[in-house]
Amino acid sequence: MALRRAAPVVREPVTLPSVMSVAELAESLQTTGIEVIKELMKLGIMANLNQQVDYDTAARVATALGWETNEQPNDVARQAAADFESRRSEAETDPNAQARPPVVTIMGHVDHGKTKLLDAIRSANVAEVEAGGITQHIGAYQVETQGRKITFLDTPGHEAFTAMRARGAQATDVAVLVVAADDGVMPTTREAVAHIKSANVPMVVAVNKIDLASANPDRVKQQLSEIEVVPEEWGGDVPFVEVSARDKLGLDDLEEVILLVADVHELKANPHKPANGVVIEAKVDRTRGPVATVLVQSGTLNLRDVVVAGSTWGRIKAMFDDRGRRVRRAEPSFPVEILGLLEVPQAGDTFQVFEDEKIARQLVEERQAHRRAEALVGDRPVKLTDLYNQVQEGTTAELRVILKADVQGSLGAIQNALLRLNEDTDQGVRLSIQFAGTGAVTESDVSLASATRSIIIGFNVRPDVAAKRAADAAGVDIRFYNIIYNLIDEVKAAMTGLLAPVFQDVTDGYAEVRNTFRLPSGDVVAGLYVLDGKITRNSKARVLRSGTVVHEGGIRSLKRFKDDVREVAAGYECGLGLDGFNDLQVSDQIEFYHREEVARS
Ligand code: GDP
């Protein structure tokens, strides 16, 4: 009887979705969850069966297990992205496109009058408004001048602008650069110019504080010309307007110039379709739940529309304008506060309306899974002191915070004080509160912190045991305070790059050299006796000879008999080789230590 040989396995490539659980991956690869988890561990990823992995990670596991892979086209997400792009480019060719108000962002150096100017423009236009029109700060407002509208984003400074660009959103049509006439061009002025230019946004310069005797508008023009912001009157292409936010001078001129610039750029959008746009700001309101201010960029947003914003969605329950009035619809360039989202989106997230709630939900699930997978794969946890490095490097950072406090009263006060730091510090670090609640820090806070790369701040609360364990395992930074001032002060220090991490050496153990050997390679190893504590493979060694340090460095080898070992305890002998040091001598004492970041008191 002929022997039957197993046919060589010719496997079809396996098609994997953009995100899947470990269990699903195992099933696709016709293997066990344990095998997949083992492969993930080789990639440095600790996962359980229910955790999500992204396609790239899954593909590496698959390859290791002998599979070729294809990525499953992600239809919904792709469709949504394509929709968004086409809605945008349509504006130019769309026969239904109509002129829309320009959206203006005010930028400039701290104290040059951005806030005052925004307030002045607003109050000048809202003065004779009907009773009940109380101004609300929702992150943007609209004014009417010469029968036309202008929308101002009222988070001054370029952090918001940059954050939006980082997410691929562009809300601003015209940037107003405020320069104080007495102070001239300052570092943040230059930064703002760089941001505006790189975003290709038309610029108007408002030379402010011309009421002051020390005002010198010509010097401002001169200084700006030097960085290629040349006034029209000097042959350049940037309109300059002299204003006084304090005395409300030149505001009409500024508005007129903004409208002229807008006309040149023929800003248009089609209001006759489902809306899309961008989230200007968002927060959790204690009584109303997630609240977001959105700017409609095209289409019309209606009450009861199903909206996807970033990785959350909801049906609009209520909309308010910048005077707190209920509105039923919002047309292009109109900023509105919306209620009804299930979670808080992030500033700069784009939003879009879907006719089908199922598609909205599916899209959000995919985006959330993606976010979880991204959080799982690779990234190390965030520490408050990490901001120190980011600020030193000048990279824009976001500090995400999960806040837990003992009572509602202190929670609200701390929340407000923390958010105010965004205005008080001008360092490119933005603080955002991912979640705020009362009660002990729990395991679920820790997992949220880990997934969103946040730190946890506890006020007058402590973690429960499970949370403490989870935080230690995930390396989540939890800081506890019982004085609000200390809390705010430390976060502020971190945001301004002043909170450098503090390290200290922690001694692991002491040992003494009993004898030495030279290996054939020339390296010297010493026979040690551990006097106290222990030596671990990762310890650093400090060699002391007659009381002076003759060498400091890492361990090359640590052996007991012939075997490499991870640690050796007091009372045992071992063999030790040091990195880059071959001069160990009998009766040298060696201190073993590691460096640890210490919490501040
Ligand atoms: P921001 O940091 O750029 O938002 O600046 P603020 O709007 O907070 O203004 C900084 C300081 O300059 C405040 O004390 C304002 O009262 C003052 N200020 C703003 N605009 C004017 C102005 O047109 N004239 C004068 N004299 N002072 C102004």
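Assorted remarks:
- Which listed pairs, of LYS149/LYS248; LYS38/LYS559; LYS283/LYS404; LYS268/LYS358, have C-alpha distances above 25 Å, in listed order: LYS38/LYS559; LYS268/LYS358
- Taking every protein chain into account, the 1.4 Å probe leaves LYS534 with about 80 Å² of accessible area, to the nearest ten.
- Gain in span if fully extended, GLN136 to ASP253, counting 0.36 nm per residue against the direct Cα distance: 39.6 nm
- The figure for LEU259 is an accessible area of roughly 10 square angstrom, using a 1.4 Å probe on the protein chains alone.
- Euclidean distance of C-alpha centroids, the range 429-494 and the range 274-324, integer Å: 28 Å
- In order along the range 477-483, phi translates into HN-Hα couplings of 7, 10, 10, 10, 9, 10, 10 Hz, rounded to whole numbers, per the Karplus curve 6.51 cos²θ - 1.76 cosθ + 1.60 with θ = phi - 60° and x for Gly and Pro.
- The range 475-601: mean projected area of Cα convex hull, nm²: 10.6 nm²
- Per residue Cα convex hull volume in Å³ - calculated over the range 208-357: 160 Å³
- Accessible-area value, ASP111, 1.4 Å probe, nucleic acids and ligands omitted, Å²: 120 Å²
- Accessible area per residue for the range 449-590, computed on protein heavy atoms with a 1.4 Å probe, is 53 Å².
- Length gained when the stretch ASP94-ASP263 is fully extended (0.36 nm per residue, less Cα-Cα span): 59.1 nm
- Calculated FRET efficiency for the pair GLN146/ARG11, C-beta based, R₀ 56 Å, to 0.05: 0.20
- FRET efficiency, PHE480 to LEU43 (Cβ-Cβ, R0 35 Å, nearest 0.05): 0.50
- The simple spin-label model puts a point 7 Å past each Cα toward its Cβ; for VAL549 and ASN515 those points are separated by 3.1 nm.
- Using a simple spin-label model with pseudo-atoms 7 Å out from Cα toward Cβ, ALA213 and ASP237 lie 4.2 nm apart.
- Order of exposure, largest accessible area first, which applies to GLU331, GLU591 with probe 1.4 Å: GLU331, GLU591
- Under Karplus coefficients 6.51, -1.76 and 1.60, residue-wise ³J(HN,Hα) of the range 104-110 in Hz, glycine/proline x: 10, 10, 9, 10, x, 6, 4
- MET41, MET46, MET107, reordered so the largest accessible area comes first (probe 1.4 Å): MET46, MET41, MET107
- FRET efficiency for ALA413 and LEU342, using Cβ-Cβ distance with R0 set to 25 Å, rounded to 0.05: 0.40
- Residues whose placed amide H lies under 5 Å from that of GLN297, excluding near-sequence neighbours: ASN276, GLY277, VAL278, SER333
- Accessible surface of the range 186-271 [probe 1.4 Å, protein heavy atoms]: carbon and sulfur percent: 47 percent
- In this label model, ASP523 and PHE503 are separated by 2.3 nm, measuring between points 7 Å along each Cα→Cβ vector.
- Amide hydrogen neighbours beyond the local backbone of THR438, cut-off 5 Å, H modeled: ALA405
- Placing PHE354, PHE334, PHE592 in order of accessible area, with the largest value first and a 1.4 Å probe, yields PHE334, PHE354, PHE592.
- For the range 431-437, 3J(HN,Hα) computed residue by residue from phi via the Karplus equation (6.51, -1.76, 1.60; θ = phi - 60°) reads 9, 10, 9, 6, 7, 9, x Hz, glycine and proline entered as x.
- Built amide H within the under 5 Å cut-off of TRP313, gap 5+: LEU342, GLU343
The values are calculated or read from the model by the stated rules, or taken from the named source; none is laboratory data. In this text, all values refer to a predicted model and were calculated from it rather than measured experimentally. Here Cβ is always computed from backbone atoms with ideal geometry, including for glycine, and neighbour counts include all displayed protein chains. Ligands, DNA and RNA are stripped out before the accessible areas are found, and what is left, the full protein with its side chains, is counted by its heavy atoms. Shrake-Rupley method; radii C 1.70, N 1.55, O 1.52, S 1.80 Å.
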